[in-house]
Amino acid sequence: MARHLIEAVAEPVAPCVLADQLGEARRFLEARLRALYTRLLESEADALGLALKHGRVDLRGDSRPALLNARVRDQNPTEVVNMTATLVRLEDAARWFGTADPDLTVICAHPTTSGVAGPDAPAEPDLMMHGSGGREVWVEASDVVTWDSNDAPKGKLRSLGVRPGSAEWRDHRERYIAGSRVLGEKLAAGGVLKAWACFRMLAVEGSTRIVEVRPPAREFTTATARAGDAAQA
């Protein structure tokens, strides 16, 4: 069974505190990735591409962040690159929600890369937060940078419990996607995903777009959305 590079967070924590922890893990991974690339580039290897593909990012050392899986001693560069991109999105999202709505508390977080969720996959968002009055906020991170396939955004929507044509997901939960500029703009435009949900570009934090996800033809009236509007006013 594959080991996740970043541990899941299962203890309640403030969103901004989680953002700091995610940032610490991201910077560590980026530094180790940079060290591998520098070493290979300076080695003047005959087959640089092959060396990069089969190289391993050394993750050992006393300075390892708390979120880094202690059992993972090294990792392939591609996985580390993907993980750092995911961490950027979650870090930005956690910081924005923690600033816009300090009442929220992170209940659990799964800052790991994963495949596209299938039609029957259970809802399991990357970030789950609770607030007063029984509020539940779900956030899914995505670093999609092209729009050549709808499979990736559909998988992210499934992770949020979105099921097109079904009334089951018309519940009290607030749902959001934290993604790239391209993904944010495409979701906000709707397109073929209009049958799945309504999308509203809510905020920008760093390089990340926060997009609200609601059932079709339902107004965007969540407390967090109002807080975002007030912050931008």
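Using modelled backbone amide H atoms (1.01 Å from N, in-plane), which distant-in-sequence or interchain residues come within less than 5 Å of residue 161's amide H?
Residues meeting the criterion, in which the H sits 1.01 Å from N, are 124.
Order these by the 10 Å Cβ neighbour count, fewest first: 46, 103.
Ordered from fewest to most neighbouring Cβ atoms within 10 Å, 46, 103 come out as 46, 103.
Output ³J(HN,Hα) for region 199-213: one whole-Hz value per residue in order, computed from phi by the Karplus curve 6.51 cos²θ - 1.76 cosθ + 1.60 with θ = phi - 60°, and x for Gly and Pro.
10, 9, 5, 9, 7, 10, 10, x, 9, 9, 9, 9, 10, 7, 10
Could you give each residue of region 172-184 its phi-based ³J(HN,Hα) in whole Hz, using Karplus coefficients 6.51, -1.76, 1.60 with θ = phi - 60°, and x for Gly or Pro?
With coefficients 6.51, -1.76 and 1.60, one gets 7, 6, 9, 10, 9, 10, 10, x, 6, 4, 4, 5, x Hz.
Taking amide H positions as placed in the peptide plane 1.01 Å from N, state which residues far from residue 6 in sequence (5 or more) or on other chains have amide H under 5 Å from it.
69
Could you check the spin-label model distance between residue 54 and residue 79? Points 7 Å from the Cα along Cα→Cβ, value in nm.
1.8
Here, each number is a calculation from the coordinates, and none is a lab measurement. Note that this is a predicted model, so its numbers are computed, not measured. With ideal geometry, Cβ positions are generated from the backbone for all residues, glycine too; neighbour counts draw on all protein chains shown.
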